[in-house]
Amino acid sequence: MPKIKTSSAAAKRFKVTGTGKLKRSKAYKSHILTKKTTKRKRDLRKAAMTDASNVKNMKKILPYL
């Protein structure tokens, strides 16, 4: 079997935790920040876990993570 290529785009955006879950950063934090509340912007800084419905596809494009 040939080696599977890792998706470079996904590799830059996802990290694996010690327990094997996929960690991701939240969207909507790059621009148009004036209309967003301080609380909302503060919450966007925190990392989030990838939803269970997407994990199967993510593991497929990140075979060596």
(message) Restricting to the range 12-65, count the residues that are closer than 30 Å to residue 2 by Cβ and among the aliphatic types (A, V, I, L, M).
(response) 8
(request) Could you grab the pairs with beta carbons closer than 6 Å, sequence gap of 6+ or different chains, first residue in the range 34-57 and in a loop (DSSP other than H, G, I, E, B), second one surrounded by 12 or more Cβ atoms within 10 Å (Cβ to Cβ) and basic (Lys, Arg)? (result) 47/23; 50/24
(request) Just name the residue that is farthest from residue 49 (Cα to Cα) out of those in the range 7-19 that are in a helix (DSSP H, G or I) and without any contact (Cβ under 8 Å) to a residue 40 or more places away in the chain. (result) 8
(request) Just one of (1) assigned to a loop (DSSP other than H, G, I, E, B); (2) of a type in the set (A, V, I, L, M); (3) surrounded by fewer than 10 Cβ atoms within 10 Å (Cβ to Cβ) trips up residue 4, so point out which. (result) (3)
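Identify all residues within the range 41-57 that are among the basic types (Lys, Arg) and either open to solvent by less than 90 Å² (accessible area, probe 1.4 Å) or within 14 Å of the chain's Cα centre (by Cα) (or both); write none if there are none.
Scanning the range 41-57 gives 41, 45, 46, 56.
The values are calculated or read from the model by the stated rules, or taken from the named source; none is laboratory data. Quick caveat: nothing in here was measured; it's all calculated off a predicted structure. Reconstructed Cβ throughout: ideal geometry from the backbone, glycine too, with neighbour counts over all protein chains shown. The protein model used for the area step is the full one, side chains on, heavy atoms only, and it has no ligands, DNA or RNA in it. Shrake-Rupley method; radii C 1.70, N 1.55, O 1.52, S 1.80 Å.
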